[in-house]
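Just below is one structure, and these are the notes that go with it.
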Amino acid sequence: MSAPAQVPAQKPHEAWFEDTWWYAVKKRLQWTGWLQYIPNLVAATLVLLLAGIAALIGIAPAFTAWPLFIISLLLYGNALFDVATVRFGWHPAEKLPAARDGMDAFDLARARKSCRSFQKRKLSDAHRDRLIALAERAAQPEACIGSAPIRFEYLNAPLTVWPVVGAQEFLVAIAPREYHELAVVDIGRSLQKVVLEATRMGVATCWIGPGADPSSIAENLGPRFDAARDHVICVCAIGYKSRYIPLSVRFMTRSMSDRKAMSELFFADTSFSKPLDPAAAPYAEFGRSYEICQWSPSSYNGQTSRAVALVEGGKVSRVDFCAATKSRYYAMVALGIWIANWEWGCAALGIDGRVEVLSTEGENRPELPRYVASWRRAA
């Protein structure tokens with residue numbers, strides 16, 4: 001999610017647009033919560049212009065101009081509907097989502113999806129207290145891989161986030177300002193365990209990294225955040241899912257819903273040349289654990305995590321988790337989420353193991369994907 005602020009010696013050529021007036025307008029709309037509704041209005045206006053051009057030049061107006069005009073009216077109508085129902089909350093009261101207590105562990109993990117629109121109602125006291133307790137427990141030193149401390153702060157405030165709408169409650173993930181790779185991995189691993197339990201409770205969640213305004217987070221945390229000591233890695237919106245979602249956000253969500261094939265994510269050798277077959281022995285023992293890792297969330301759906309299953313004595317003795325990019329934050333949070341999902345699957349199957357960092361000295365490994373941590377079967 002977010003990386004420490006740095007001042008480059010020279011602005012990259014690709015960042016020229018940051019000095020433009022329209023980029024400033026875009027940022028203003030983004031952080032005031034209006035950007036989600038603009039694409040719909042822009043599309044409606046463009047279609048209306050096309051309808052006008054088609055009518056003026058007289059090319060098959062019955063089949064071109066009028067259909068385009070009707071489409072533009074529908075888009076304008078949808079934009080007004082989105083603003084009324086989502087931005088201002090003018091709609092009938094929504095039901096409280098049901099808990100998923102009886103759902104299979106793997107079905108539950110797959111049922112979890114990023115929520116882009118939240119109901120206006122706040123979490124119940126029971127749900128809020130439960131999630132805060134889970135977050136505190138997940139951040140305890142004995143529950144983490146690394147030695148650097150992490151913590152999760154609860155915020156009841158309308159943080160400036162994008163493209164999520166309606167979120168009012170958050171868990172803010174904080175690591176030390178000094179970079180510790182395993183602390184970032186622990187953030188992903190620990191918070192994902194909270195997210196999975198939230199899904200069981202019927203509480204919706206959304207990981208937010210680059211889409212959260214750092215100044216908004218710092219302002220609302222107040223004395224709980226020390227910029228000289230702390231670094232906000234990401235935030236997780238928590239609440240109840242709303243059925244009212246801006247059209248542009250719906251399209252954005254669908255465009256990021258696909259996943260890489262298993263053969264691109266799981267391997268049977270440390271050189272990443274032999275794709276693993278999850279249905280073949282001895283790998284099949286882990287069932288759908290591969291699937292729930294495959295569908296783990298990642299920043300911008302980057303899918304930067306990889307895994308290598310190593311066999312010893314006819315059984316998978318360990319699984320190495322690796323990052324396919326050099327990203328110090330996005331990839332490490334995503335990797336932590338992968339590890340949490342793998343542990344979740346193993347627990348559901350009754351396969352004991354623990355996560356630790358092992359020495360890979362002497363092993364033939366490429367620079368990327370880069371080894372980070374391992375799940376090792378209990379003796």
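Gly239 passes every criterion in (1) within 18 Å of Leu108 (Cβ to Cβ); (2) among the small types (Gly, Ala, Ser); (3) touching an Asp or Glu at 6+ places or on another chain (Cβ under 9 Å) apart from (1). Arg137 meets each of the listed conditions (1) modelled with pLDDT of 95 or more; (2) more than 15 Å from Leu191 (Cα to Cα); (3) open to solvent by 50 Å² or more (accessible area, probe 1.4 Å) apart from (2).
Note on region 361-379: among residues that are over 24 Å from the mean Cα position of the chain (by Cα) and surrounded by fewer than 14 Cβ atoms within 10 Å (Cβ to Cβ), the one that is farthest from Ala323 (Cα to Cα) is Ala379.
Go through Ala98, Ala79 for me and flag whichever is touching a Gly at 6+ places or on another chain (Cβ under 7 Å) and either under 24 Å from Phe251 (Cα atoms) or of a type outside the set (Ser, Thr, Tyr) (or both).
Details: Ala79 fails: touching a Gly at 6+ places or on another chain (Cβ under 7 Å).
Answer to the check: Ala98.
Based on what the data block shows, is Gly202 closer than 22 Å to Asn341 by Cβ and in contact (Cβ under 8 Å) with a residue 40 or more places away in the chain? For Gly202, the condition - closer than 22 Å to Asn341 by Cβ and in contact (Cβ under 8 Å) with a residue 40 or more places away in the chain - is met.
Yes/no per residue for (1) over 26 Å from Gln30 (Cβ atoms); (2) open to solvent by less than 10 Å² (accessible area, probe 1.4 Å); (3) of a type in the set (A, V, I, L, M); (4) assigned to a strand (DSSP E or B):
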position	(1), (2), (3), (4)
Pro149	yes, no, no, no
Ile174	no, yes, yes, yes
Tyr179	yes, no, no, no
Ala183	yes, yes, yes, no
Thr199	yes, yes, no, no
Thr205	no, yes, no, yes
Asn220	no, no, no, no
Ala228	yes, no, yes, no
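Name the residue, out of Arg376, Arg365, that is farther than 19 Å from Gln294 by Cβ and assigned to a strand (DSSP E or B).
On the way: Arg365 fails: assigned to a strand (DSSP E or B).
Matching residue, one of Arg376, Arg365: Arg376.
Of all residues in region 76-96 being touching a residue at least 60 places away in the same chain (Cβ under 8 Å) and either assigned to a helix (DSSP H, G or I) or in contact with a strand residue (DSSP E or B) (Cβ under 8 Å, 6 or more places away or on another chain) (or both), which is most open to solvent (accessible area, probe 1.4 Å)? Ranking the qualifying residues of region 76-96, first place goes to Arg87.
Mind listing just one residue for me: the one in region 255-273 that is closer than 22 Å to Glu361 by Cβ and assigned to a loop (DSSP other than H, G, I, E, B) and, of those, most open to solvent (accessible area, probe 1.4 Å)? Going through the qualifying residues, I end up with Ser273.
When Ser114 is tested against (1) touching a residue at least 12 places away in the same chain (Cβ under 8 Å); (2) open to solvent by 70 Å² or more (accessible area, probe 1.4 Å), just one condition goes unmet, and that condition is (2).
Yes/no per residue for (1) touching a helix residue (DSSP H, G or I) at 6+ places or on another chain (Cβ under 6 Å); (2) at pLDDT 85 or above; (3) within 19 Å of Val165 (Cβ to Cβ):
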position	(1), (2), (3)
Thr45	no, yes, no
Leu48	yes, yes, no
Ala55	yes, no, no
Phe69	yes, yes, no
Leu75	yes, yes, yes
Phe88	no, yes, yes
His91	yes, yes, yes
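Scanning region 1-43 for residues being closer than 30 Å to Asp186 by Cα and modelled with pLDDT of 50 or more gives a total of 2.
Looking at Val47, Val25, Val42 in this structure, which one is part of a helix (DSSP H, G or I) and either among the acidic types (Asp, Glu) or open to solvent by less than 50 Å² (accessible area, probe 1.4 Å) (or both)?
On the way: Val25 fails: either among the acidic types (Asp, Glu) or open to solvent by less than 50 Å² (accessible area, probe 1.4 Å) (or both); Val42 fails: either among the acidic types (Asp, Glu) or open to solvent by less than 50 Å² (accessible area, probe 1.4 Å) (or both).
Selected residue: Val47, the only one of Val47, Val25, Val42 that is part of a helix (DSSP H, G or I) and either among the acidic types (Asp, Glu) or open to solvent by less than 50 Å² (accessible area, probe 1.4 Å) (or both).
The values are calculated or read from the model by the stated rules, or taken from the named source; none is laboratory data. Quick caveat, the model's predicted, so the values are computed rather than measured. So basically every Cβ, Gly included, is an ideal-geometry build from the backbone, and we count neighbours across all protein chains shown. Surface accessibility is based on the protein's heavy atoms, side chains included, excluding ligands, DNA and RNA. Shrake-Rupley method; radii C 1.70, N 1.55, O 1.52, S 1.80 Å.
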